[in-house]
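The values are calculated or read from the model by the stated rules, or taken from the named source; none is laboratory data. Remember, predicted model here, so these are calculated numbers, not experimental data. Backbone-built Cβ (ideal geometry, glycine too); neighbour counts: all protein chains shown.
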Amino acid sequence: MRPQYDSWLRSSHHNVAVCVDCHLPHGFLGKYVAKAENGYHHSKGFTFQDFHEPVMVKAKNAAILQENCLRCHADLTHELVSGAAAPGDSLQCVHCHASAGHGEVVGLGGMREKN
């Protein structure tokens, strides 16, 4: 995760958010359930080297990320998602902001350096 960490250090988020602020639920129980599930999948994937290349977020974790984007940026996003009745009714924040936290996605979940 070194490239992702280095990218985060250069991002606008590094002064206001750490990894868990975006990638985990904020409730006590949800946070630890997600940590357990993700820990299992990461351990299995890296042990057996059977993870998708490039590393991709699962639907459940994408929903957590979306919820956290909207929670932190509610003042900016309210009008964009206010008419959405279900998660699929609106664009995901990462549709336009895919490189916001980690730069461009390339093999092994790394990022491309910009020249």
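Considering only the range 21-74, how many residues are closer than 19 Å to GLN92 by Cβ and charged (D, E, K, R)?
The total comes to 5.
Please indicate, with yes or no, whether at least one residue in the range 5-19 is in contact with a helix residue (DSSP H, G or I) (Cβ under 8 Å, 6 or more places away or on another chain) and in a helix (DSSP H, G or I).
The answer is yes, given that some residue of the range 5-19 is in contact with a helix residue (DSSP H, G or I) (Cβ under 8 Å, 6 or more places away or on another chain) and in a helix (DSSP H, G or I).
Go through the range 51-79 residue by residue and tally those that are among the charged types (D, E, K, R) and under 17 Å from ALA100 (Cα atoms).
The qualifying residues number 2.
I'd like the full set of residues that are at pLDDT below 90 and either assigned to a helix (DSSP H, G or I) or closer than 23 Å to ALA17 by Cβ (or both), limited to the range 42-64.
Listed by number, the residues that qualify are HIS42, GLY45, PHE46, PRO54, VAL55, MET56, VAL57, LYS58, ALA59, ALA62, ALA63.
Of the numbered conditions (1) at positive phi; (2) under 14 Å from the mean Cα position of the chain (by Cα), ASP21 satisfies every one except a single condition; which is it?
That leaves (1) as the condition not met.
Say whether the condition of being surrounded by 10 or more Cβ atoms within 10 Å (Cβ to Cβ), in contact (Cβ under 8 Å) with a residue 12 or more places away in the chain and within 17 Å of HIS97 (Cα to Cα) is met by at least one residue in the range 38-50.
There is no residue in the range 38-50 that is surrounded by 10 or more Cβ atoms within 10 Å (Cβ to Cβ), in contact (Cβ under 8 Å) with a residue 12 or more places away in the chain and within 17 Å of HIS97 (Cα to Cα).
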